[in-house]
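Undergrad: Following this message is one structure expressed as structure tokens.
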């Protein structure tokens, strides 16, 4: 793990100067980037430092159990911050229209754990630790001593936010990034008051019947290729509308098929607008980050994604060819 001392010093030095403080993460915020932002903002608030979490027009309902006192603002062109903290993201390709905001900020600090790819953000200070389980884990290690000095209710709330980042990025301690350090962090957070059972229930199990029907319809459309080693599935706008949901308000459908026997790679295409799809890739054997980068996205070696545009049938055909070639190369190298 990278030492966080210099990162903490860089943030503290800028905070001493005052000014407008912004916190943001990538488009389609998840349980790491957004919950890390919630925790960091709550920590700043406990130190009497005002800040704003900048978001897009996205559904954040599934994080509502952590959002009671959050100060959120919708992104608009022309926003300028004296300090902008970018969490769980190091690439302009993952911030969408907010790239303008990053370029206009007087100082930018990046805190992330993804392999830098595709238009790395030009930051005044960048802390990228690819060995960290989550961006929230970086913040917890950095501010652990500060947390111990806070009032109990405030400390527990912030620790809940950081614990949720670990839940998200390990898929409840089942992904390959789950190791001794991960369990040590989880143990430290629970010792500070986190109720692990309660957070698991609120984050992973709090689904509506309509959400479960949406997941079921997506799973019912599973197709298998390359001797059943490639699993591809998709969901459509019509499925969203029929089930009265916004897919960014629920967990990724990929978690329901990870670990399926005999499957080496999973690809899920979620239609978010007409002709616009969010691609999620998962694999225990392939470096899917390399594949996602080729599509303008990125992430981790075994879990990555990108945003695609075009006809679904064509996109799936091209994606299948890419995945089949990747498996052939993997087989020949064994």
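The values are calculated or read from the model by the stated rules, or taken from the named source; none is laboratory data. Everything quoted here is computed from the prediction, not taken from an experiment. Note that we place each Cβ from the backbone using ideal geometry, even for glycine, and neighbour counts take in every protein chain shown.
Undergrad: Mind counting the residues in the range 164-200 that are under 19 Å from residue 300 (Cβ atoms), over 18 Å from the mean Cα position of the chain (by Cα) and assigned to a loop (DSSP other than H, G, I, E, B)?
TA: Qualifying residue count, the range 164-200: 1.
Undergrad: How do the pairs read when you match residues in the range 134-156 that are without any contact (Cβ under 8 Å) to a residue 40 or more places away in the chain with residues anywhere that are part of a helix (DSSP H, G or I) and buried (at least 20 other Cβ atoms within 10 Å of the Cβ), using Cβ under 6 Å and keeping only pairs 6 or more apart or on different chains?
TA: Final answer for the pair search is 155/147.
Undergrad: Next question, about the same structure. Only one of these is closer than 19 Å to residue 53 by Cβ, surrounded by fewer than 24 Cβ atoms within 10 Å (Cβ to Cβ) and either in the same structural domain as residue 172 (by TED's automatic domain parsing) or within 17 Å of the chain's Cα centre (by Cα) (or both): 130, 121, 111, 138. Name it. Quick ask: steps written out before the conclusion?
TA: On the way: 130 fails: closer than 19 Å to residue 53 by Cβ; 111 fails: surrounded by fewer than 24 Cβ atoms within 10 Å (Cβ to Cβ); 138 fails: surrounded by fewer than 24 Cβ atoms within 10 Å (Cβ to Cβ).
Checking each option against the conditions leaves just 121.
Undergrad: Just one of (1) closer than 29 Å to residue 82 by Cα; (2) at pLDDT below 95; (3) surrounded by fewer than 17 Cβ atoms within 10 Å (Cβ to Cβ) trips up residue 172, so point out which.
TA: So residue 172 meets the others, but not (1).
Undergrad: Then there is this: Could you go through the range 251-263 and let me know if any residue there is in a strand (DSSP E or B), in contact (Cβ under 8 Å) with a residue 60 or more places away in the chain and crowded, with 18+ Cβ neighbours inside 10 Å.
TA: Going residue by residue through the range 251-263, those that are in a strand (DSSP E or B) are none.
No: the range 251-263 contains no residue that is in a strand (DSSP E or B), in contact (Cβ under 8 Å) with a residue 60 or more places away in the chain and crowded, with 18+ Cβ neighbours inside 10 Å.
Undergrad: Checking the condition modelled with pLDDT of 95 or more and closer than 16 Å to residue 28 by Cα, which residue from 281, 312, 286 passes? Let's see the steps before the verdict.
TA: Values: 312 fails: closer than 16 Å to residue 28 by Cα; 286 fails: closer than 16 Å to residue 28 by Cα.
One residue alone meets the criteria, 281.
Undergrad: Which one of the conditions (1) in contact with a strand residue (DSSP E or B) (Cβ under 9 Å, 6 or more places away or on another chain); (2) over 29 Å from residue 65 (Cβ atoms) does residue 252 fail to meet, given that it meets all the rest?
TA: Every condition holds for residue 252 apart from (2).
Undergrad: Let me ask another. Taking the range 266-284, which residues are surrounded by fewer than 23 Cβ atoms within 10 Å (Cβ to Cβ), in a loop (DSSP other than H, G, I, E, B), in contact with a strand residue (DSSP E or B) (Cβ under 9 Å, 6 or more places away or on another chain) and on the phi < 0 side of the Ramachandran plot?
TA: Result: 284, single match.
Undergrad: Any chance the range 231-238 includes a residue that's in a helix (DSSP H, G or I) and surrounded by fewer than 13 Cβ atoms within 10 Å (Cβ to Cβ)? Show your work before the answer.
TA: Going through the range 231-238, the residues in a helix (DSSP H, G or I) turn out to be 237-238.
Next, from what is left, pick out any that are surrounded by fewer than 13 Cβ atoms within 10 Å (Cβ to Cβ): 238.
Yes, that holds for at least one residue.
Undergrad: Please specify each residue of the range 61-85 satisfying the condition of being surrounded by 18 or more Cβ atoms within 10 Å (Cβ to Cβ) and under 17 Å from the mean Cα position of the chain (by Cα).
TA: Matches in the range 61-85: 62, 63, 66, 85.
Undergrad: Taking residue 205 as the residue in question, decide whether it is touching a strand residue (DSSP E or B) at 6+ places or on another chain (Cβ under 6 Å), surrounded by fewer than 17 Cβ atoms within 10 Å (Cβ to Cβ) and more than 20 Å from residue 261 (Cα to Cα).
TA: Here the answer is no, as residue 205 does not meet what is asked.
Undergrad: For the structure I just gave you, tell me whether residue 167 is at pLDDT 95 or above, buried (at least 20 other Cβ atoms within 10 Å of the Cβ) and under 26 Å from residue 245 (Cβ atoms).
TA: Details: at pLDDT 95 or above: yes; buried (at least 20 other Cβ atoms within 10 Å of the Cβ): yes; under 26 Å from residue 245 (Cβ atoms): yes.
Answer is yes for this residue.
Undergrad: For the range 4-26, give me the residue count where each residue is within 30 Å of residue 307 (Cα to Cα) and out of contact with any strand residue (DSSP E or B) (no Cβ under 8 Å at 6 or more places or on another chain).
TA: Our first condition is that a residue be within 30 Å of residue 307 (Cα to Cα); within the range 4-26, this holds for 21-26.
Checking the rest, the ones that are also out of contact with any strand residue (DSSP E or B) (no Cβ under 8 Å at 6 or more places or on another chain) come to 26.
Matching residues across the range 4-26 total 1.
Undergrad: Shifting gears a bit: Please enumerate the residues belonging to the range 285-314 that are loosely packed, with under 14 Cβ neighbours inside 10 Å and not in a strand (DSSP E or B). If you could, list the steps in order and put the result at the bottom.
TA: Within the range 285-314, the first condition is being loosely packed, with under 14 Cβ neighbours inside 10 Å, and the residues that meet it are 294, 309-311, 313-314.
Across the range 285-314, the qualifying residues are 294, 310, 311, 313, 314.
Undergrad: What about residue 248, is it outside the structural domain of residue 60 (by TED's automatic domain parsing), within 23 Å of residue 169 (Cβ to Cβ), at pLDDT 95 or above and surrounded by 17 or more Cβ atoms within 10 Å (Cβ to Cβ)? Even if it seems obvious, please write down each step before you answer.
TA: Details: outside the structural domain of residue 60 (by TED's automatic domain parsing): yes; within 23 Å of residue 169 (Cβ to Cβ): yes; at pLDDT 95 or above: no; surrounded by 17 or more Cβ atoms within 10 Å (Cβ to Cβ): yes.
Judged against the criteria, residue 248 is not a match.
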